[in-house]
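Student: Sharing a structure here in structure tokens format.
The values are calculated or read from the model by the stated rules, or taken from the named source; none is laboratory data. On a predicted model such as this, the values are computed, not experimentally measured, just so you know. Positions of Cβ are generated from backbone atoms using ideal geometry, with glycine treated the same way; all protein chains shown enter the neighbour counts. What goes into the accessible areas is simple: the full protein's heavy atoms, side chains included, and nothing from ligands, DNA or RNA. Shrake-Rupley method; radii C 1.70, N 1.55, O 1.52, S 1.80 Å.
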Amino acid sequence: MADILIVQNSKSGGPSRVGGWLEQAGLGLDVVLAHEGAPLPARLEHDAMIMLGGGYLPGEDDRAPWLRDARRLMSQALEDGVPVFGICLGGQMLAEVAGGEVTGDVGAPENGSLPVTIRPEAAADPLFHGLPPVVPAVEHHKDAITRLPDGAVHLAETERCPYQAFRMGERAWGVQFHPEVLPERIRGWTPDGFDPAEVYERAVADEPISTPIWHQVTARFAAIVTERALGPVARGM
């Protein structure tokens, strides 16, 4: 069974439904509660890596000392072609590790289920091809990627935050939004210029559209992980 290292960075920020979808696809999950002090491995021996969100910038080692090890593992994954999926903080980390730029508290924050525009470049992307032109996704951030790395494929955008999704190389994706978040989690957010009840209701209304889309994207990622883990066997060779 192929296995995925999942780095969790806050108590409420677990893999949620994305974890369930990956398990449905036959993958094993090694969830490391880094925010509780659980150590990350010295080397990435897993078949893939998922870096979840958290209220930090990718380089805030003074607040979250495990981020240094997470960056090291993500760099290794990029070098070795190991599949990566970075969510929110994880997407920002992928951008920074690959040579892009992330800025704290930049522009207008995004909170709740918002329309994300899929760019034309996504038509040839292994995860994002064939998606509707605009899809709802849950956002919860004030920090953002402000420059993509050289060579990145820009896949999705919003008006307030242009770098919503991108790919590095063949197997590494970063997203600013939260495909794993269910509307119920929004109830626990600290109000910061938004009404949690209103944001929750919007997410509930969008869920019948968003859930099948992000399930499909997750299943495509799982298939890539499985194919790489099995090597020639998966390709019938």
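Student: I'd like the full set of residues that are more than 15 Å from the chain's Cα centre (by Cα) and open to solvent by less than 40 Å² (accessible area, probe 1.4 Å), limited to segment 1-19.
Tutor: ALA2, the sole residue that qualifies.
Student: Considering only segment 113-127, I want to know if a residue exists there that is more than 20 Å from ALA203 (Cβ to Cβ), in contact with a Phe, Trp or Tyr (Cβ under 9 Å, 6 or more places away or on another chain), surrounded by fewer than 24 Cβ atoms within 10 Å (Cβ to Cβ) and in contact (Cβ under 8 Å) with a residue 60 or more places away in the chain.
Tutor: Checked segment 113-127: at least one residue is more than 20 Å from ALA203 (Cβ to Cβ), in contact with a Phe, Trp or Tyr (Cβ under 9 Å, 6 or more places away or on another chain), surrounded by fewer than 24 Cβ atoms within 10 Å (Cβ to Cβ) and in contact (Cβ under 8 Å) with a residue 60 or more places away in the chain.
Student: A further question follows. Please work out which residue is farthest from LEU127 (Cα to Cα), limiting yourself to segment 154-168 and to residues that are assigned to a strand (DSSP E or B) and either at pLDDT below 95 or open to solvent by 20 Å² or more (accessible area, probe 1.4 Å) (or both).
Tutor: GLU157
Student: Could you grab me the full set of residues in segment 30-39 that are within 18 Å of the chain's Cα centre (by Cα) and surrounded by fewer than 17 Cβ atoms within 10 Å (Cβ to Cβ)?
Tutor: Selection gives ASP30, VAL31, LEU33.
Student: If you check PHE194 against the conditions, is it more than 18 Å from the chain's Cα centre (by Cα), surrounded by 14 or more Cβ atoms within 10 Å (Cβ to Cβ) and either aromatic (Phe, Trp, Tyr) or modelled with pLDDT under 95 (or both)?
Tutor: Here the answer is yes, as PHE194 does meet what is asked.
Student: Find the residue count for segment 160-192, including only residues that are hydroxyl-bearing (Ser, Thr, Tyr) and in contact (Cβ under 8 Å) with a residue 60 or more places away in the chain.
Tutor: The qualifying residues number 1.
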